[in-house]
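The values are calculated or read from the model by the stated rules, or taken from the named source; none is laboratory data. Worth saying up front: this structure is predicted, and the values here are computed from it rather than measured. Counting neighbours? That spans all protein chains shown, and the Cβs are built from the backbone with ideal geometry, glycine included. Keep in mind that these areas ignore ligands, DNA and RNA; they rest on the heavy atoms of the full protein, side chains included. Shrake-Rupley method; radii C 1.70, N 1.55, O 1.52, S 1.80 Å.
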Amino acid sequence: MNREATIMTIAILTAATCGARDGQRIVAVCMDTTPTSQVVRAEAQATAMFAAIGVKLDWRCRNSTPPKPIVISLAARTPENRKDGELAYALPYEGTHIVILYDRVRKMQPNQVPAVLAHVLVHELTHILQGFPRHSESGVMKAQWDSQDVAQMTWKPLPFTDDDIDLIQRGLDARDARSLSPSNHVQ
């Protein structure tokens, strides 16, 4: 990683960590592969995007108390059964798995992989956190980003809509309630 990228990554991580204030919701996330420098930069940007709405992503993989961490896989090759243009998919009703079609993300904007990947991560994490597959008319949860969206995400993150934020908070409440359910605890 070059010096500028290292400094930027440290600054984003510091801002996200310092932004972790009381009342912030913590979500455990685990990448199932060893991340590259581009993936680490994308994780940092995704962390900052969620921190801005009061959600702290904890990227340390651990199997602690419920809820289980959200597990993200990077697929080096897109399976043939995936739709054209699809960059990732989540299993929102299952609630813990995301697959990023990393070969497609890298081809989409080769010089801006961290920014695009950060937005794909945020988009799919939002599906999981909301608990169902929905899209917004604009912003990070837009179903298909156009060229203007992609150009913007390389210099300024696409925003969440107010509905996105509300549904994330409601989804987090439901996840917390499920994790506190007696059926989720070992006797």
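Structure values in brief
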quantity	calculated
Approximate spin-label separation Thr34-Cys61, in nm, with each point projected 7 Å along Cα-to-Cβ	1.2
Rounded accessible area of Arg175 (nearest 10 Å², 1.4 Å probe)	20
Those chymotrypsin sites (Phe, Trp or Tyr not before Pro) in the range 28-100 that DSSP places in a loop and that have at most 11 other beta carbons within 10 Å	Tyr93
Inter-part distance where the range 35-97 and the range 165-180 are each reduced to a Cα centre, Å	17
Vicinal HN-Hα couplings computed from phi for the range 119-128 (Karplus, 6.51 cos²θ - 1.76 cosθ + 1.60; Hz; Gly/Pro x)	5, 5, 4, 4, 4, 6, 4, 4, 4, 5
Pairs beyond 22 Å (Cα-Cα), from Lys83/Lys156; Lys83/Lys142; Lys107/Lys142	Lys83/Lys156
Three-way shape label, the range 33-187, alpha-carbon gyration tensor, a/c 1.5	prolate
Anisotropy class of the range 75-144 from Cα gyration tensor, a/c 1.5 cut	oblate
Residue order for Glu94, Glu86 - accessible surface, 1.4 angstrom probe, largest first	Glu94, Glu86
